[in-house]
Amino acid sequence: MAGNRNVIITNGWSNPESEELYRLRWVDDPACKILCEEGLDCGNCSFFVDLKADWGLCNQAGSRHYLETVKDSFTCPEHSDGECE
């Protein structure tokens, strides 16, 4: 959350660092790139809170993107489909 601007944003990134990860397609994070390619993006994560078309809030306390506004096609290593393991 270091770069999170801590303001309510419903139609854009709240953290420029996360926007850069997305823009560069996780070039420095191959694990997230694989998750994204497998369709495990934020829009289908059980901790994604829908805000407005294409945008939502990460509500996964264990995620490095916790409380950030992110694009539904973003992804992180803490993706959860809500199923019990």
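Read-outs throughout are calculated quantities, based only on the coordinates presented, and are distinct from any laboratory measurement. Remember, it's a predicted structure, so these values are computed and weren't measured experimentally. Because the Cβ atoms are built from the backbone with ideal geometry, glycine has one as well, and the counts that use them run over all protein chains shown.
Quick notes on this one:
- From E78, E68, residue being in contact with a Cys (Cβ under 7 Å, 6 or more places away or on another chain), touching a residue at least 12 places away in the same chain (Cβ under 8 Å), on the phi < 0 side of the Ramachandran plot and acidic (D, E): E68
- The number of residues in segment 41-77 that are of a type outside the set (F, W, Y) and crowded, with 18+ Cβ neighbours inside 10 Å comes to 14.
- Residue list for segment 13-44, restricted to those being in contact with a strand residue (DSSP E or B) (Cβ under 8 Å, 6 or more places away or on another chain) and either among the hydrophobic types (A, V, I, L, M, F, W, C) or within 11 Å of F74 (Cα to Cα) (or both): W13, S18, Y22, C42, G43
- Taking strands (runs of 3 or more DSSP E) as the structural unit, those lying wholly within segment 40-85 and holding at least 1 residues that are within 10 Å of the chain's Cα centre (by Cα), over 18 Å from D29 (Cα atoms) and not β-branched (V, I, T) correspond to 48-52, 55-58.
- Under the condition of being β-branched (V, I, T) and assigned to a helix (DSSP H, G or I), the residues counted in segment 18-36 number 1.
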